[in-house]
Amino acid sequence: MEISAVHRLPRRADVAREQLRGVGLALRREATVAAGVLALASILIVWAQLRGEGALDLAPEMGIPIALLALLLPMAVWKGEGPASRSYHHAMPVEIGAHAVARGLAGLVWMLGAAGAYFGWMALVAAGTGGWVDSEPWFRWAGPVVGAVALYLLGTALALRAVHPWRWIGGAVVGHTFLRALAGPGGDMPLFRAADRVLSGRYGLYTLLSGSAPVHVHKWNDLYGEVNYATRVPNAGVWMVSAWLWIAIAITLFFWAAYRQPEA
Amino acid sequence: MTASLPVRLDGGAFAVSTHALTKQFGHEFSLLGVDLQVPEGAVYVLVGPNGAGKTTTMRLLLGLLSPDSGRAEVLGLDPRAQGPLVRAQVGYVPERGDWGYGYMTAGRLLEHHAAYFPAWDWEYATRLVHAFEIPLQKRMSKLSKGLARRVHLLMALAHRPPLLLLDEPTDGLDPVMRDETLGMLAEHVAETGCTVFISTHLVHEVDRLADHLGVMRDGRLTAQLPREVLHRMLRRYRADIPAGWTGAPALNGTVVKRGGVGREIQWSIWGEEREVAQQLAESGATLRDAAPLTLEDAAVALLSRKE
């Protein structure tokens, strides 16, 4: 038969704008809870200041919780739109992979906005209490933000591919804890060492988030003799490699999950 | 005489057609070699029990799933390659009741939906909102099943698509609302001349709309025909039979459903009435009457037919 496509497709800009607005609505409850927590924290800080407590310093590590929350945010962005369900989102007149990318990126914009608001609040707290802002080196501040982007994209890939993403996250946490217990204080177990390398190795997650790379220190101490211990020091080169590595993996998995959604 | 039920429609232009469409999930076939033909402007009702493959068929037609083999054509478009364009031409009501976003109000969901369909007609949508009595300020997750269903129908109708794909569209509606909704649907069809493809297992609810019937069982399309052919060819015959009656061997293969009480048989038989009456008479049975079946009875008879 003749092709009788009488209706045209929506414009990309309309889809992007609608996704941004729609995801904003989807995250309203989470945003309200976060705002409530910050309001409560603000009240406690004011109360502490009135009682003469000291200044609150602002350090980059305070952004790490935001990055970890970014891993969970996609579950809220995609609630009710699980993979394989061929749900409402899929049935729109937009290519399925591109539409998933649009929604994922809309969530990323909101996540970055939330991170900005959080850092702004921290800066206000530091300024208001006469605290000190730890501003050097710069990449320690970039760590939580880049880490949040990478973890958000990884979380999105999980939300798009896994039918029960919470179980995967919970399973990973429980599994790591279990391995740690099995490995004992020395951590002498290949599987645990591999998992630990991903989290706190030279290019691991903690390096990405904190900008500090692990180093082993050998020192001669007059009292105790030779002392060996591990510590972390800021390292721009290692952080950059770590950032590129994590972002590359996250973007690859994000696009793979968006364009290869399972059927059921 | 054998009853070979029609599975192909003659000539004409088809809004939807499939050729040997097959879909497998794991080791199980959901669809197996389905040749669907929905004429342009028709109201085609696909009946089948739960799990027959009706929803899978709809999803394949929308390009939401890819077939393992075979092909489909929707309004001249290939859903596999042109899924977005197909979905732009279609008003779709899925089987699931949680369609849309539960966190949005009904009004906001309509706005969201409208953004994806440039042809969205707000005037018509507003008329439907009033007719369906949709509370625009209420969240979708708080709506009753029936109200949510009405929102879904509105979303399918308001961009005046040339093709409606309705998967169990009356599910969850109370009798009054079902009647009103089907009335609105009939008006919409009359006004727009669109093609409607309805999948249901509650045939009586769409009886007044249907002009074509497809019967699906275990992933196969076992019959497909216009309603007037069904009306003419499939009839219920009531006949008195003598003691020791051994049946009507000439009718083997044409009897779609057998029933009866005592010395009276009530058989649903596929064939020209004159020929069937003659075969019954030759077998010794006395024909009392032959009547066409309602769409639902016909569907039940065709679904319960033993191969």
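The values are calculated or read from the model by the stated rules, or taken from the named source; none is laboratory data. Being a predicted model, the structure only gives us computed values, none of them experimental. Using ideal geometry, Cβ is built from the backbone for each residue, glycine included, and neighbour counts are taken over all protein chains shown.
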Could you go through the range A:53-60 and let me know if any residue there is assigned to a helix (DSSP H, G or I) and more than 10 Å from chain B (Cβ to nearest Cβ). yes
When (1) within 14 Å of chain B (Cβ to nearest Cβ); (2) closer than 29 Å to A:Val125 by Cβ are applied to A:Leu69, the one that fails is (1)
Of the residues A:Leu151, A:Leu158, A:Leu179, which is closer than 24 Å to A:Leu105 by Cα, surrounded by 13 or more Cβ atoms within 10 Å (Cβ to Cβ) and in contact with a Leu (Cβ under 7 Å, 6 or more places away or on another chain)? A:Leu151
Could you check A:Ile96 against (1) more than 10 Å from chain B (Cβ to nearest Cβ); (2) surrounded by 14 or more Cβ atoms within 10 Å (Cβ to Cβ); (3) of a type in the set (A, V, I, L, M, F, W, C) and say which number it fails? (1)
Considering only residues that are aliphatic (A, V, I, L, M) and either outside the structural domain of B:Asn50 (by TED's automatic domain parsing) or touching a residue at least 60 places away in the same chain (Cβ under 8 Å) (or both), which ones fall in the range B:189-201? B:Val189, B:Val196, B:Ile198
Failed condition for B:Met184, given (1) in a helix (DSSP H, G or I); (2) in contact (Cβ under 8 Å) with a residue 40 or more places away in the chain; (3) within 14 Å of chain A (Cβ to nearest Cβ), with all others met? (3)
Leading residue by the ranking (nearest to the other protein chains (Cβ to nearest Cβ)) among those in the range B:74-86 that are in contact (Cβ under 8 Å) with a residue 24 or more places away in the chain and not in a loop (DSSP other than H, G, I, E, B): B:Val86
Among the residues of the range B:126-134, are any among the basic types (Lys, Arg), outside any helix (DSSP H, G or I) and at pLDDT below 95? no
Looking only at strands (runs of 3 or more DSSP E) that fall completely inside the range B:1-47, which ones have 2 or more residues that are of a type in the set (Phe, Trp, Tyr)? B:14-25
Among the hydroxyl-bearing types (Ser, Thr, Tyr), closer than 17 Å to A:Leu20 by Cα and either in a loop (DSSP other than H, G, I, E, B) or at the interface with chain A (Cβ under 9 Å from one of its Cβ atoms) (or both), is that true of B:Tyr103? yes
Search result, residues across the range B:57-72 that are in contact with a helix residue (DSSP H, G or I) (Cβ under 9 Å, 6 or more places away or on another chain) and either surrounded by 24 or more Cβ atoms within 10 Å (Cβ to Cβ) or within 11 Å of chain A (Cβ to nearest Cβ) (or both): B:Leu61, B:Leu62, B:Gly63, B:Leu64, B:Leu65, B:Ser66, B:Pro67
Residue selected from the range B:106-119 under the condition at the interface with chain A (Cβ under 8 Å from one of its Cβ atoms) and of a type outside the set (A, V, I, L, M, F, W, C), by the criterion nearest to B:Leu61 (Cα to Cα): B:Tyr116
Looking at B:Gln89, is it at the interface with another protein chain (Cβ under 10 Å from one of its Cβ atoms) and of a type in the set (S, T, N, Q)? yes
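Condition check ((1) of a type in the set (Phe, Trp, Tyr); (2) over 17 Å from A:Arg140 (Cα atoms); (3) touching a Pro at 6+ places or on another chain (Cβ under 8 Å)) across all residues:
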position	(1), (2), (3)
A:Arg202	no, no, yes
A:Gly211	no, no, yes
A:Lys219	no, yes, no
A:Gly225	no, yes, no
A:Ala236	no, no, yes
A:Ile247	no, no, no
A:Trp256	yes, yes, no
Could you list all residues from the range B:158-176 that are of a type in the set (A, V, I, L, M, F, W, C), touching a residue at least 40 places away in the same chain (Cβ under 8 Å) and surrounded by fewer than 22 Cβ atoms within 10 Å (Cβ to Cβ)? B:Leu163
Of B:Ala186, B:Ala148, B:Ala114, the only residue that is modelled with pLDDT of 95 or more and small (Gly, Ala, Ser) is B:Ala114
Applying the selection to the range B:116-141, what residues are loosely packed, with under 15 Cβ neighbours inside 10 Å and either in contact with a Phe, Trp or Tyr (Cβ under 9 Å, 6 or more places away or on another chain) or within 21 Å of A:His89 (Cβ to Cβ) (or both)? B:Ala119, B:Ser141
So which residues in the range A:151-198 are hydrophobic (A, V, I, L, M, F, W, C), under 22 Å from A:Ala213 (Cβ atoms) and in contact with a helix residue (DSSP H, G or I) (Cβ under 7 Å, 6 or more places away or on another chain)? A:Leu151, A:Leu154, A:Phe192, A:Ala195, A:Val198
Can you find even one residue in the range A:39-51 that is outside any helix (DSSP H, G or I), of a type in the set (Lys, Arg) and surrounded by fewer than 16 Cβ atoms within 10 Å (Cβ to Cβ)? yes
